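A short worksheet on the structure shown next.
The values are calculated or read from the model by the stated rules, or taken from the named source; none is laboratory data. Treat the numbers as computed from the prediction; the structure is a model and nothing was measured. Ideal geometry is used to build each Cβ from the backbone, glycine not excepted, and the neighbour counts take in all protein chains shown. Ligands, DNA and RNA are stripped out before the accessible areas are found, and what is left, the full protein with its side chains, is counted by its heavy atoms. Shrake-Rupley method; radii C 1.70, N 1.55, O 1.52, S 1.80 Å.
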Amino acid sequence: MLTYAIRRLVLSVPTLLFISFAIFMLLQLAPGDPMAQVPLTVPPEVKEKMRQALGLGEAPLVQYWKWLVQMFWIEPQVLWDHWFGTSFSEGKLRVISWQTRSPVMDIVIQRIPQTLWVVGLSYIVGVLIALPIGIYSAYRQYSLFDQSGTFITMIGFSIPPFFTGPLLIVIFSVQLGWFPSIYDTTLVVDSWAAFKVQLQQMIMPVMVLALQTTAQLSRYMRASMLDNLNQDYVRTARAKGLSEAVVVMVHVLRNSMIPVVTVIALGVPAIFGGAIITENVFKVNGIGQLLITALFANDLPMVMTLTFIFAFLIVLFNLIADILYGVLDPRIRYD
């Protein structure tokens, strides 16, 4: 297993390089000029110097190489300096946002906690709700609980976040006044009252994202459980006198989790992408809203960095899913 993990890690390096190059070349084809927002009173020679400072006057391959050096060599040095108080990155050029004229990773790190609060919690809640629903729906196939769960999950899977988000705002914020419609990112949780406000403003965006996660995972969990409940090893376990709880929750569940692990692992980067709409609906100042703002401002370094982070998450959680296969099923061996 260790050999397989190392081999996959080595293989992921050229994969990420190819993805980053493809993203960079596609962004180079995007229309627009980042210097369009510069006031008309700025002289042309000053504009030209600003363009050169932003790297716009160089060839695309040169810009890509500089981005690689800054992203994978200078930024880790900045992180090392922050942790240990050294000065390896002092005076070195970092990836600069065209919109804010500040380092891209500094902005991303500022926004990540807001996204993790909402997206991370919603995914955990969605998984914890979806797995029991899928297990019980399969065990009680065609029961009232199964049919009700199928109906609700189909609705949750069909309705997009840009509809459920405003709908919850109208019901719970406008009509009932229970929760705030706008997420206050400046809130400092330093007391019980502030913690209560934080929970109140998180409920609706978490509900929107968790609804889709629950709908998707519960259907996968149900289908996987149904495939294993009628297998020969289940009848053998029951014939040995094992209790129904042990048969279902140990033998059947462990084998059923193998395909579900893929959905859960790959759903992590997908939920970050889906949070783009939800963060804009509830004004959550996270990386999803940051990506939308960067797209509208034609901020290519910011868009490049954020899309590469999403690609990195996909590759990483693919590797995690493959490793978990061997943990859940001893018959799977990679070495």
Whole-number value, in Å³ per residue, for the convex hull of the alpha carbons of the range 65-112 is 81 Å³
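Any idea of the accessible area per residue across the chain, 1.4 Å probe, to the nearest Å²?
Details: 18630 Å² over 335 residues.
Per-residue accessible area for the chain comes out at 56 Å².
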Here the gain from full extension of TRP73 to PHE18, 0.36 nm per residue of separation minus their alpha-carbon distance, amounts to 18.0 nm
Taking Cα pairs closer than 8 Å and at least 6 residues apart, the relative contact order of the range 150-294 in percent is 30 percent
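Starting from the Cα gyration tensor of the range 267-313, take the square roots of the eigenvalues, sort them a ≥ b ≥ c, and report rounded, prolate or oblate (rounded when a/c is under 1.5, otherwise prolate if a/b is larger than b/c, else oblate). Each step should come with its number before you reach the end.
Numbers: a/c = 2.61, a/b = 1.04, b/c = 2.51.
Note, shape of the range 267-313 comes out oblate.
What range in the chain is the longest one free of GluC sites (Glu not before Pro) that are in a loop by DSSP and have at most 16 other Cβ atoms within 10 angstrom?
Answer from the scan: 91-335.
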Between the Cα axis of helix 44-53 and the main Cα principal axis of the chain, the angle (0 to 90°, nearest 10) is 40 degrees
Helix-only [θ] at 222 nm, the chain, -39500 (n - 2.57) per DSSP H run of 4+, per residue, nearest 500, equals -22500 deg cm²/dmol
Of VAL250, VAL118, VAL69, the most mobile residue in a GNM of the chain (C-alpha springs, cutoff 10 Å) is VAL250
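Net charge near SER181, counting Lys/Arg +1 and Asp/Glu -1 over other residues with Cβ under 15 Å of its Cβ?
Working: positive: LYS283; negative: ASP184, GLU279.
Local charge sum for SER181: -1.
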Taking only the Cα positions of the range 210-328, the convex hull volume per residue in Å³ is 108 Å³
Expected sort for 10-17, 224-231, 168-175 on mean C-beta neighbours within 10 Å, highest first, is 224-231, 168-175, 10-17
At q = 0.16, 0.19 Å⁻¹, the log10 of I(q)/I(0) for the range 109-239 from a Debye sum over equal Cα scatterers comes to -0.87, -1.07
Dividing the mean separation of Cα pairs under 8 Å (6+ apart) by the residue count of the chain yields a relative contact order in percent of 26 percent
Checking the range 141-244 for trypsin sites (Lys or Arg not before Pro) in a loop per DSSP with at most 13 other beta-carbon atoms within 10 Å yields LYS240
Restricting to aspartates and glutamates and to Cα separations under 15 Å from LYS283, and discarding same-chain partners fewer than 8 apart, the set is ASP184
Any residue on another chain or 5+ positions along whose placed amide H is under 5 Å from the amide H of ILE96 is listed here as VAL104
A student applying the Cα gyration tensor rule (rounded when a/c is under 1.5; otherwise prolate if a/b is larger than b/c, oblate if not) would label the range 163-275 prolate
Nearest 10, in degrees from 0 to 90: the angle of helix 104-115 to the longest Cα principal axis of the chain is 30 degrees
Total charge of the residues flanking PHE88 in space, meaning their Cβ is under 13 Å from its Cβ, with Lys and Arg +1 and Asp and Glu -1, is -1
In degrees rounded to 10, the 0-90 angle between helix 253-281 Cα long axis and the longest Cα principal axis of the chain is 40 degrees
